[in-house]
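Everything below concerns the one structure shown next.
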Amino acid sequence: MRAFMFLFTFFAFMLVSPSLAVNVVGYGARGDGRTDSTAAFHRAWAAACRSARPAVVYVPRGLFLIRPVAFNGPCRSRITFRIDGTLVAPRNIYAIGNSEFWILFYKVSGLSLQGGTIDARGNGFWNCRTRGQNCPRGSRSLTIMHSNNVVVSGLRSFNSQTIHIAVGHSRDVKLQNVRIRAPSGSPNTDGIHVQSSMGVTITDSVIKTGDDCISIGPGAMNLWIQRIGCGPGHGISIGSLGNSHNEEGVENVTVTNVVFSRTQNGVRVKSWGRPSGGYARNLHFRNIVMRYVANPIIIDQQYCPNGGCARQSSGVKVSEVTYKNIKGTSSTQAAMKFECSAANPCSGIRLHNIRLSFVDRLRRPTLAYCRNAKGSHSGVVTPKTCFSFHKTKLNM
Ligand SMILES: *[C@@H]1O[C@H](CO)[C@@H](O)[C@H](O)[C@H]1NC(C)=O
């Protein structure tokens, strides 16, 4: 009985025991859009990170000017980062442009980032790039590196210089209810990039950018992508893979309940057309709607933007790829393209219930294009498949 009372009191205490509250304003941050609040955010984070109790870092309403900031771990306890305000980067493109990251979480385990708007104001940087001047390298907006058990929910990220959200060398990261927006013409402004990470899920998000909505790099495993609106942008892309010779593979990726609107690609697998030891396998694309997409379904293993791949073929082995319940419209006639490696033909491609029509005044049908692709189909598949081996064939 006494032991019970003790336990009861202990748990009651735990339940009401307040977490440490750390308001960035208390550390000198000003939400006036002019005062540099970087050092204040840093001090607030340090206080939260050394707390033995779970801590809540709070950013109230207001416009907080932030230069590159690294929130480093490991921390002693869980941290919740709650943002009601907006974080903006300085207008000078060099202020964040040479650091690679703008907001970095590094070696943090047990983090919940809730709400908030981050605006890198990247247009000065894009203009510099577009004019081909001497520009800084550009920085990602939010980077999560070497971190585990991270939840990012309700974040809005606008106008990143390069990638909006990057996840690398991390495990069990959930990105949910995220809104990402950059103009359709902004260069290399990927929405979310994941690589060298296990157990990342991206759900219930809307992504409109000038590059890939989601790009998946080497070493991504057990990635789950569900209920996403994508477009404008370049679609969801696995790759480019096979850039370097010794490269991790991509394995077990599911993309489901996604609507692509006016994107350059729908679901794409892309690899360099040159030797490499990489692979992409167990990829599942299902329950997808295409609205006026230029390349709804595409595997392109001949990527070689600057030449130098002549008479070589991709070393990346693509296998066990399923496409199921994919419907909608293509803005080009070739709605399905499997352009696989001669050295490593694609295998185990499965198509089930695909209906893609061509938006065409002449009412021409969509076409499938295959090279070095082996697979099977069931249910209705339009355009008709063209699986073969070591030969090119166009089917009507
Ligand atoms: C594939 O990844 C999902 C999470 O995205 C996971 O639940 C599942 O267990 C993984 N499958 C295998 C065979 O590892």
Determine the sum of side-chain charges near residue 148: Lys and Arg each +1, Asp and Glu each -1, restricted to other residues whose C-beta is under 11 angstrom from that of residue 148. +1
With labels modelled as points extended 7 Å from the Cα through the Cβ direction, what inter-label distance (nm, one decimal) is found for residue 67 paired with residue 304? 4.5
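Net charge near residue 112, counting Lys/Arg +1 and Asp/Glu -1 over other residues with Cβ under 12 Å of its Cβ? Walk me through the numbers on the way to the answer.
Working: positive: 78, 82, 174; negative: none.
That works out to +3.
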Among 118, 144, rank each residue by its count of other Cβ atoms within 10 Å, from fewest to most, as a rough exposure measure. 118, 144
Hey, what did segment 83-382 get for relative contact order, percent, Cα under 8 Å, at least 6 apart? 10
18 Å Cα-Cα reach of residue 384 towards lysines, excluding residues that sit fewer than 8 places from it in its own chain: 324, 327, 337, 374, 393
Under 1.5 on a/c is rounded, so check that first for the chain, then, if it is not, pick prolate when a/b is larger than b/c and oblate when it is not; a ≥ b ≥ c are the square roots of the alpha carbon gyration tensor eigenvalues. prolate
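Provide the net charge surrounding residue 298, with neighbours chosen by a C-beta distance below 11 Å and charges set as Lys +1, Arg +1, Asp -1, Glu -1.
Working: positive: 268, 270, 337; negative: 300, 339.
Value of the local net charge: +1.
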Virtual spin-label span in nm between residue 311 and residue 333, 7 Å along Cα→Cβ: 3.3
PRE reach from residue 100 (point 7 Å along Cα→Cβ): which of segment 131-152 fall under 17 Å by backbone N? 136-147
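If you take the square roots of the eigenvalues of the alpha-carbon gyration tensor of segment 284-362 and sort them as a ≥ b ≥ c, do you get rounded (a/c under 1.5), prolate (a/b over b/c) or oblate?
Working: a/c = 3.00, a/b = 1.49, b/c = 2.02.
Oblate, because a/c is 1.5 or more while a/b does not exceed b/c.
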Compute the distance from the alpha-carbon center of segment 268-288 to that of segment 92-134, in whole Å. 28
With +1 on each Lys and Arg Cβ and -1 on each Asp and Glu Cβ, how big is the dipole of segment 103-179 about its Cα centre, in debye rounded to the nearest 20? 180
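No lab work stands behind these numbers, since they all come straight from the coordinates. Just so it is clear, the structure is predicted and the values come from calculations on it, not from any experiment. Reconstructed Cβ throughout: ideal geometry from the backbone, glycine too, with neighbour counts over all protein chains shown.
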